[in-house]
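This is the structure, below, for whatever I ask next.
The values are calculated or read from the model by the stated rules, or taken from the named source; none is laboratory data. Being a predicted model, the structure only gives us computed values, none of them experimental. Cβ sites come from the backbone with ideal geometry, for glycine too, and all protein chains shown count toward neighbours.
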Amino acid sequence: PVGYLTLTAEGFIAEINLTGSTLLGVDRWNLLRRSFAVYVIEQDRERWKQHLSGVKRGDRQGSVELTLQRGNGSLLEAQINCARPAGNPPVLRLTLTDISERKQALEMLKISDLALKAISQGVLITDSDGFILSTNDAFLSITGYRPTEVLGHICKFSQGPLTDPLMVESLRLAVEDATGFATTLLNYRKDGSTFWNEMTISPVHNEQGCLTHFIAIVRDISERKQAEDELSESETRLREFSKFLQQAHEEDRSHFARELHDDLGQNLTALRFNFDLLTNSLASSQPAIVSRLAAIDQIIRGTVDAVRRICEDLRPGILDDLGLESALASHVERFARQSGVACDLVLDRDDYGLQEPLSTAIFRIVQEALTNVARHAQASHAMVALQDFGDTLLLSITDNGCGLPAAKGDRKHHFGLLGMRERVNMLGG
């Protein structure tokens, strides 16, 4: 709707239609013979005065945008067109158009443009077909392109030989289906250098639900990606080194167990044999001494058992001689006997055919887990189960004790749990 006014040469309102009075928020009869300048805000009055004078002289045509104050004090953004028709007495014809929404939209557009420029991430705005309509300085800085090289193009110029084609296809389908999409792509700058682009694409629909635009947020995460790759490489090297240390440690245990068994074990066996001969020779002639020697015999027997137990802990010979299955059965039986905790072993195969270092890792994990049960679980029953699912082995150790809170399992000083986790990680489990 347009308001129509007639002003006298002095700027007083002579005529005004209903739309004009509605726009000004004043009854028509109260507007007649009043100066139009009264409704122009003070900041715009001088500009209105100059424009009006120019129209009267005939050297100024066209429109002027003014802020008017309505009768209720609210403001009206208006576009005013002035014309001076021929005739006497001289009058001015005005059209009054409400441009408040347009001005507000322009102001919001200006704010949006400033915000777009201020965003540190790259921003692309495209039409529904993917042609770039707008971008910001951050995107140009990331890619090295000029605005004229970007606007009106589809964003394929950032792809290159090392860009993942599967991700590109997923991106194309997301645009085709008008769905949101987020991915990380290796993209190319104008100078041919690469950067890792963490991209998020969002569709924009109008009030009728029709797709109108896409907004893409582009982040250069090359430094973060490099740090992640370096960390991953460092973890891989550390895991390989840990694997080497585990193997070296296992070899040392085996070597020490053999040395202990072969040297100290044989010496103790010889000592016990000679001790038995001595005891037998004195049995009839020196019974008092023989009774005292019985205590020494118990010490020797206890030492032999201790050496055998230490050798088993260091490296059970049964693991090398008869395999994992027999070693687990022996250890579970020994654990139950020494700890007083009933323990079952459940194996779904007689022979798993496992090679080193897998068999040793499984045995050591069971060994450590049952040690934890004995020390901390306050349990009366435990179970060790090994299941073969073809390409996967599932080892589970359970008990009916007090349990371990999840938060404690991640504490750094729980070296037993950490060691079990590290053994599994080294095997890719």
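In the range 343-370, what residues are touching a helix residue (DSSP H, G or I) at 6+ places or on another chain (Cβ under 7 Å) and polar (S, T, N, Q)?
359, 360, 367
Testing residue 95 on (1) among the β-branched types (Val, Ile, Thr); (2) within 57 Å of the chain's Cα centre (by Cα); (3) part of a strand (DSSP E or B), one condition comes back false. Which one is that?
(2)
Among 103, 117, 110, which is in contact (Cβ under 8 Å) with a residue 12 or more places away in the chain, out of contact with any Pro (no Cβ under 7 Å at 6 or more places or on another chain) and farther than 28 Å from residue 188 by Cβ?
103
Residue-wise test of (1) within 14 Å of residue 5 (Cα to Cα); (2) of a type in the set (Gly, Ala, Ser); (3) in contact with a helix residue (DSSP H, G or I) (Cβ under 9 Å, 6 or more places away or on another chain).
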| position | (1), (2), (3) |
| --- | --- |
| 23 | yes, no, no |
| 26 | yes, no, yes |
| 32 | yes, no, no |
| 35 | yes, yes, no |
| 45 | no, no, yes |
| 48 | no, no, yes |
| 67 | no, no, yes |
| 72 | no, no, no |
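Could you tell me whether the range 353-365 includes any residue that is at pLDDT 90 or above, outside the structural domain of residue 245 (by TED's automatic domain parsing) and out of contact with any strand residue (DSSP E or B) (no Cβ under 9 Å at 6 or more places or on another chain)?
No, the range 353-365 contains no residue that is at pLDDT 90 or above, outside the structural domain of residue 245 (by TED's automatic domain parsing) and out of contact with any strand residue (DSSP E or B) (no Cβ under 9 Å at 6 or more places or on another chain).
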